[in-house]
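Enquirer: Quick one: the structure is below, and I'll ask about it shortly.
The values are calculated or read from the model by the stated rules, or taken from the named source; none is laboratory data. Nothing here was measured: the structure is a model prediction, and the numbers come from that model. Cβ coordinates were reconstructed from backbone atoms using ideal geometry, including for glycine residues, and neighbour counts include every protein chain displayed.
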Amino acid sequence: MSETSDLRARAPSGGPDDGLAALAPLGPRRSAADHAYASLRQALISLALPPGTVIARGALAQRLSISQTPVREALIRLQAEQLIEVVPHSATRVTRIDLAAAKEAHFLRLAIELEIVRRLVAAPDAGLAATLRGELARMRALLSAGDRTGFAEADEAFHDALYAAAEVPGLRALVRSRSGHLDRLRRLHLPEPGKADAVLAEHEALADAILEGDAPRAEARLRAHLSGTFAEAPRLRATAPHFFEDAARAA
């Protein structure tokens, strides 16, 4: 079974035991709440904890080797990002992908990153070329190694570098906090044959346009890159309907 079909066949379970394998115990020099939040968010975005899964706070705390208090704090943050839903006196559950919310996140991210690209072309950052080339080299290495998770993280790091070079890193955190549904849609799309290669090629084309000072081309490359997955949303929903909110309501 391919990675794509295995991911889409993964149905919500009554407990998060399988998804918990993706969570690492608390390491040194990091607050328990921050660790719980980062670990859980990664598991949610990567679909290791698939939409619809019931989350047991005690099991999460045990897996992360922390108390339930920081787990509760992390869940509050993830609820604010619409990645989980808490039903009082009932259950905590991973939300299904909401395409309306994903559309809004796409609109927000595109608007911000188009302005970032314009600024970087108009006033290039001295170290941007080396940074982007480094991230592209890392993406190539991870793609060659078949490391999809690492590749997705490198994809995010490439965009982090754009925000940092434009001196608006706080906006990256804002976009990320609104992009849970969109990011899960993107991760659902990534394992498809040829998709990761296309993502890498799009990043390379975008970097070239920015570094060559071609604003219209850079904007066009960015728009095509950020819009690719959302354009495929109806098809992705049809192949994994149990991951999506509207399909779940209709069932």
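Enquirer: So which residues in segment 195-251 are farther than 18 Å from Pro124 by Cα, in contact (Cβ under 8 Å) with a residue 12 or more places away in the chain and outside any helix (DSSP H, G or I)?
Expert: Glu232, Ala240, Phe244
Enquirer: Let me ask something else about it. Select, from Thr92, Thr69, the only residue that is among the hydroxyl-bearing types (Ser, Thr, Tyr), more than 14 Å from Gly180 (Cβ to Cβ) and outside any strand (DSSP E or B).
Expert: That would be Thr69, the only listed residue that is among the hydroxyl-bearing types (Ser, Thr, Tyr), more than 14 Å from Gly180 (Cβ to Cβ) and outside any strand (DSSP E or B).
Enquirer: Right, next: Quick check, is Glu192 outside any helix (DSSP H, G or I) and either in contact with a helix residue (DSSP H, G or I) (Cβ under 8 Å, 6 or more places away or on another chain) or in contact (Cβ under 8 Å) with a residue 60 or more places away in the chain (or both)?
Expert: Working: outside any helix (DSSP H, G or I): yes; either in contact with a helix residue (DSSP H, G or I) (Cβ under 8 Å, 6 or more places away or on another chain) or in contact (Cβ under 8 Å) with a residue 60 or more places away in the chain (or both): yes.
Yes, satisfied.
Enquirer: Going residue by residue through segment 48-66, is there one that turns out to be modelled with pLDDT of 95 or more and in a helix (DSSP H, G or I)?
Expert: No - not one qualifying residue is present in segment 48-66.
Enquirer: When you go through Ala56, Ala91, Ala105, Ala122 one by one, which is the residue that is in the same structural domain as Ala36 (by TED's automatic domain parsing), in contact (Cβ under 8 Å) with a residue 40 or more places away in the chain and out of contact with any Cys (no Cβ under 8 Å at 6 or more places or on another chain)? Working first, answer last.
Expert: Numbers: Ala91 fails: in contact (Cβ under 8 Å) with a residue 40 or more places away in the chain; Ala105 fails: in the same structural domain as Ala36 (by TED's automatic domain parsing); Ala122 fails: in the same structural domain as Ala36 (by TED's automatic domain parsing).
Of the residues listed, the single one that is in the same structural domain as Ala36 (by TED's automatic domain parsing), in contact (Cβ under 8 Å) with a residue 40 or more places away in the chain and out of contact with any Cys (no Cβ under 8 Å at 6 or more places or on another chain) is Ala56.
Enquirer: Being crowded, with 19+ Cβ neighbours inside 10 Å and either of a type outside the set (Ser, Thr, Tyr) or more than 23 Å from Ala105 (Cβ to Cβ) (or both) narrows it down to one residue among Ala145, Ala205, Ala198, Ala218; which is it?
Expert: Of Ala145, Ala205, Ala198, Ala218, the one residue that is crowded, with 19+ Cβ neighbours inside 10 Å and either of a type outside the set (Ser, Thr, Tyr) or more than 23 Å from Ala105 (Cβ to Cβ) (or both) is Ala218.
Enquirer: Give me the residue from segment 95-143 that is assigned to a helix (DSSP H, G or I) and acidic (Asp, Glu) and, out of that set, farthest from Thr53 (Cα to Cα). Give the steps one after another, and end with the answer.
Expert: Narrowing segment 95-143 to residues assigned to a helix (DSSP H, G or I): 99-122, 128-143.
Among the residues that remain, those that are also acidic (Asp, Glu) are: 104, 113, 115, 135.
Details: Glu104: 24, Glu113: 33, Glu115: 37, Glu135: 33 Å.
Among those that are assigned to a helix (DSSP H, G or I) and acidic (Asp, Glu), it is Glu115.
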